[in-house]
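The values are calculated or read from the model by the stated rules, or taken from the named source; none is laboratory data. Bear in mind the structure is a predicted one, so any value in this text is a computation, not a measurement. With ideal geometry, Cβ positions are generated from the backbone for all residues, glycine too; neighbour counts draw on all protein chains shown. For the accessible areas, the whole protein counts, side chains as well, though only heavy atoms, and no ligand, DNA or RNA atoms are used. Shrake-Rupley method; radii C 1.70, N 1.55, O 1.52, S 1.80 Å.
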Amino acid sequence: MTRRLAQVAKKVGVSEATVSRVLNGKPGVSEATRQAVLTALDVLGYERPTQLRGERARLVGLVLPELQNPIFPAFAEVIGGALAQQGLTPVLCTQTKGGVSEADYVDLLLQQQVSGVVFAGGLFAQADAPHEHYRLLARRRIPVVLVNAPIEGLDFPCVSCDDAVAVEQAWRHLSSLGHERIGLVLGPGDHVPSRRKLAAARAAAGAAGAALPDERVERAMFSLEGGQAAAARLLERGVTGIVCASDPLALGAVRAARRRGLAVPGDVSVVGFDDSAFMTCTEPPLTTVRQPIEAMGRAAVELLCAQIQGGQVQHDELLFEPELVVRGSTAQAPR
């Protein structure tokens with residue numbers, strides 16, 4: 001008990017006597033200090049005293065599908081910082097192959113009595129994936145915010161980058177450079193943002209008086225290797241421009257072109273999506289469509305905090321405008 005008092009006191013920066021008063025429900029402690037002590041108990045892995053267990057922890061789960069794609073650490077930085085400003089502590093949950101599943105993380109977060117959960121990418125973005133753990137959160141009335149795809153049948157608040165506008169910008173850019181044979185590299189068939197991008201690409205092609213044939217649409221897992229394999233198939237069919245659903249996919253497309261002895265952008269132009277870290281440092285620097293990560297992350301936290309505080313929030317999807325960033329991976333179509 002003495003060791004626990006000392007650890008919690010050190011974590012919060014208060015005296016052991018103050019920690020003791022909080023644990024025993026004694027007066028004379030500010031609400032901010034009281035909440036800080038309870039949060040420290042949760043973070044250090046100590047059980048709250050029985051009389052305090054009914055209160056939710058000041059913890060918020062931040063569930064990400066991976067950290068290899070730089071876009072997810074970027075979201076974690078923005079969302080984590082915004083949560084800290086609200087006096088909430090983010091608990092980072094990252095899936096690994098063969099490791100803890102998203103459903104397992106939800107169980108762990110519920111055991112910790114978290115105040116809410118933010119999902120930035122994950123199984124909710126796949127229409128055919130299991131969604132029961134999301135329904136469990138809804139039944140428990142845990143505040144939840146989704147980033148970049150809604151779940152059909154569950155009215156969780158959602159903030160998304162507008163996939164249709166992103167593809168329109170990329171398509172219009174390549175068309176203005178004279179590209180007529182444009183291909184797409186998307187995520188799996190049940191990936192909701194990829195479905196939206198495909199619909200937008202078909203609309204953009206139709207507006208230009210052309211069709212987007214199926215042979216110019218390839219799907220891949222979200223990785224550099226997946227992008228390389230998918231782009232190689234498109235290049236065999238003679239495309240001169242490739243629009244990709246993520247920056248790692250686009251970097252894979254650049255590699256596929258080089259393996260075939262083609263120059264980027266001299267022979268093939270490539271457009272990514274996200275504008276994640278280091279895209280200015282690639283060779284050539286990547287033309288991509290930038291997600292407004294700062295605005296989206298802060299909006300997600302605002303929606304979550306409104307729910308935690310018992311307020312009413314709009315359950316419509318908030319769409320944020322992307323921005324085309326033109327760099328060195330796109331140029332005039334080869335003659």
Restricting the stretch 205-219 to residues that are assigned to a helix (DSSP H, G or I) and open to solvent by 50 Å² or more (accessible area, probe 1.4 Å), the one nearest to Gly183 (Cα to Cα) turns out to be Arg216
Within the stretch 206-229, residues within 25 Å of the chain's Cα centre (by Cα), within 20 Å of Ala166 (Cα to Cα) and at pLDDT 95 or above come out as Val217, Glu218, Arg219, Ala220, Gly227
When restricted to Glu294, Glu236, the only residue surrounded by fewer than 16 Cβ atoms within 10 Å (Cβ to Cβ) and under 18 Å from the mean Cα position of the chain (by Cα) is Glu294
Of the residues in the stretch 261-291 that are under 12 Å from Ile71 (Cβ atoms) and of a type in the set (S, T, N, Q), the one that is farthest from the chain's Cα centre (by Cα) is Thr288
Scanning the stretch 299-332 for residues that are open to solvent by less than 90 Å² (accessible area, probe 1.4 Å) and of a type outside the set (A, V, I, L, M) gives Cys305, Gln307, Gly310, Gly311, His315, Glu317, Phe320, Pro322, Arg327, Gly328, Ser329, Thr330
Filtering the stretch 150-189 for residues that are in contact with an Asp or Glu (Cβ under 9 Å, 6 or more places away or on another chain) and β-branched (Val, Ile, Thr) leaves a count of 3
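Results for (1) out of contact with any Cys (no Cβ under 7 Å at 6 or more places or on another chain); (2) farther than 21 Å from Glu317 by Cα; (3) not aliphatic (A, V, I, L, M), shown as yes or no for each residue.
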site	(1), (2), (3)
Leu83	yes, no, no
Ser101	yes, yes, yes
Leu108	yes, yes, no
Phe119	yes, no, yes
For the stretch 122-148, pairs from a residue that is of a type in the set (Asp, Glu) to a residue that is open to solvent by 30 Å² or more (accessible area, probe 1.4 Å) and in a helix (DSSP H, G or I), with Cβ under 9 Å and 6 or more apart or across chains, are Glu132/Ala103
Within the stretch 1-60, restricting to residues that are at pLDDT 80 or above and touching a Phe, Trp or Tyr at 6+ places or on another chain (Cβ under 9 Å), the one that is nearest to Gln86 (Cα to Cα) is Ala40
In the set Arg335, Arg258, the lone residue that is more than 25 Å from Leu64 (Cβ to Cβ), open to solvent by 30 Å² or more (accessible area, probe 1.4 Å), in a helix (DSSP H, G or I) and free of Cβ contacts under 8 Å to residues at least 40 places away in the same chain is Arg258
Checked the stretch 20-43 for anything assigned to a helix (DSSP H, G or I), of a type outside the set (A, V, I, L, M) and open to solvent by 20 Å² or more (accessible area, probe 1.4 Å); matches are Ser20, Arg21, Glu31, Thr33, Arg34, Gln35
Given (1) closer than 23 Å to Gln332 by Cα; (2) touching a Pro at 6+ places or on another chain (Cβ under 8 Å), Arg219 misses just (1)
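Answer with yes or no whether Cys244 is within 25 Å of Ser223 (Cα to Cα), out of contact with any Pro (no Cβ under 9 Å at 6 or more places or on another chain), free of Cβ contacts under 8 Å to residues at least 12 places away in the same chain and among the hydrophobic types (A, V, I, L, M, F, W, C).
So Cys244 does not fit the description; no.
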message = Taking the conditions exactly as written (modelled with pLDDT of 95 or more, outside any helix (DSSP H, G or I) and under 16 Å from the mean Cα position of the chain (by Cα)), does Leu303 satisfy them or not?
response = no
